[in-house]
Amino acid sequence: MLYISIDDIEPGQYLGKTVYSANGTALLSAGIQLTVFMINTLRRIGVTMLYIQDANYEDVEPEELLSEATKQAVFREMSETLQVIRSGKEWSARKVSASVDSLLSDVLGNKEALLQLTDIRTADNAAYLHAVNVCLVSSMIGLNMGLNFSQLKDLAIGAMLHDIGKATLTSDDAISGDPKDHHTWRGYELLRHKREFNLLIAHAALQHHERPDGAGFPRGISGDEIHLFARIVAVANMYDNLISGGGKDGRRMLPHEACEHLMACSEHELDHEVLVEFTRIISVYPNGSSVRLSTKETGVVVRQHRGLPGRPVIRIVRGAGDEMNVSEIDLATETTLFIEAVLA
């Protein structure tokens, strides 16, 4: 499969990866032949990137941490939970906990994979996909940092629900100067009253916008005053915001650009130790991405190296038909070659 911009999609191409709605149902299933109407509809609902089937790269697959069944179940549970909270009714901590159990089971079964956040984002599923992505990144970082399963589950729940306070915000609250009207504080209040949850889960929501230098909010605490869970969620939250266009300037960054931005925030905005672990679990150049090498040749990322996320294997296809020549360059061994640009 190829991972390309929707602006480069042509009618007649086949979808490589299913597009899901907010409640976990399939909007378009993998394998369907795309029409002009489908492409325009995807563009209208906010899709920017798609996986497309290609004969030269039919063996190329994104490294998936979650099964399709788990993904659908988690999306459905998040959708239902937030709808209940918006209506002011009582919501089930038990169901959220069970959903996170399923997610962690998949993560622990694929813990050697590099994380590629390439699920197709739409305006409809953006909030739920953000919650799942932040949970996945946080869980992988926590796993790398040696957290036991109980700690890992608390971290995962806190990460999944880090923005839960937004479900109770109104337009008036958004401009209020009272820290207790901020979504982090509202999320804390929602979570701390759930007796089934460890209080540290509530602190992940409360503190994920705090900064090591004390310039964060809602309380302006710094350094070790910020719990480890919140420091982890802060990194995951910023990364997913940057690659989805949810950063300050609204521009969607490519994974390698977002990673560079995060490292520039080390120690003043984000925790340095957490960032080091983040760089070990994230795929800088996702499988299927088209890249240009320092030799000026273009190719497609086909495989990853655990521990060397910036040095994947690149497949280069030269010529066509009977004259076609296919070769692969492993940047882990070809140390004088570099990826010069991502052709998104």
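The values are calculated or read from the model by the stated rules, or taken from the named source; none is laboratory data. Note that the structure is predicted; figures quoted are calculated from it, not measured. Cβ atoms come from the backbone with ideal geometry, glycine included; neighbour counts cover every protein chain shown. Just the protein is used for accessible areas: all its heavy atoms, side chains included, with ligands, DNA and RNA removed. Shrake-Rupley method; radii C 1.70, N 1.55, O 1.52, S 1.80 Å.
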Across the range 274-328, the tally of residues that are open to solvent by 10 Å² or more (accessible area, probe 1.4 Å), over 30 Å from His227 (Cβ atoms) and touching a His at 6+ places or on another chain (Cβ under 7 Å) stands at 2
(Q) On the basis of being of a type outside the set (A, V, I, L, M, F, W, C), open to solvent by less than 50 Å² (accessible area, probe 1.4 Å) and out of contact with any His (no Cβ under 7 Å at 6 or more places or on another chain), does Asp181 make the cut? (A) yes
Expected output for the range 305-318 (first residue more than 19 Å from Tyr3 (Cα to Cα) and of a type in the set (Phe, Trp, Tyr), partner open to solvent by 10 Å² or more (accessible area, probe 1.4 Å) and assigned to a loop (DSSP other than H, G, I, E, B), Cβ below 9 Å, 6+ apart or cross-chain) is none
Of those in the range 224-248 that are open to solvent by 30 Å² or more (accessible area, probe 1.4 Å) and of a type in the set (Gly, Ala, Ser), the residue farthest from Tyr188 (Cα to Cα) is Ser244
With criteria (1) part of a helix (DSSP H, G or I); (2) at pLDDT 95 or above; (3) over 19 Å from Gly307 (Cα atoms), Pro212 comes up short on (1)
- Message: Whether any residue in the range 280-291 is without any contact (Cβ under 8 Å) to a residue 12 or more places away in the chain and among the basic types (Lys, Arg) is what I want to check.
- Response: no
Margin query: Yes or no: the range 68-79 includes at least one residue that is touching a residue at least 60 places away in the same chain (Cβ under 8 Å), open to solvent by 20 Å² or more (accessible area, probe 1.4 Å) and either closer than 27 Å to Glu112 by Cβ or among the hydrophobic types (A, V, I, L, M, F, W, C) (or both).
Written below: no
Note to self: Would you confirm whether or not the range 6-21 contains a residue that is part of a helix (DSSP H, G or I), touching a residue at least 40 places away in the same chain (Cβ under 8 Å) and either in contact with a strand residue (DSSP E or B) (Cβ under 9 Å, 6 or more places away or on another chain) or under 21 Å from Met78 (Cα atoms) (or both)?
What the structure shows: yes
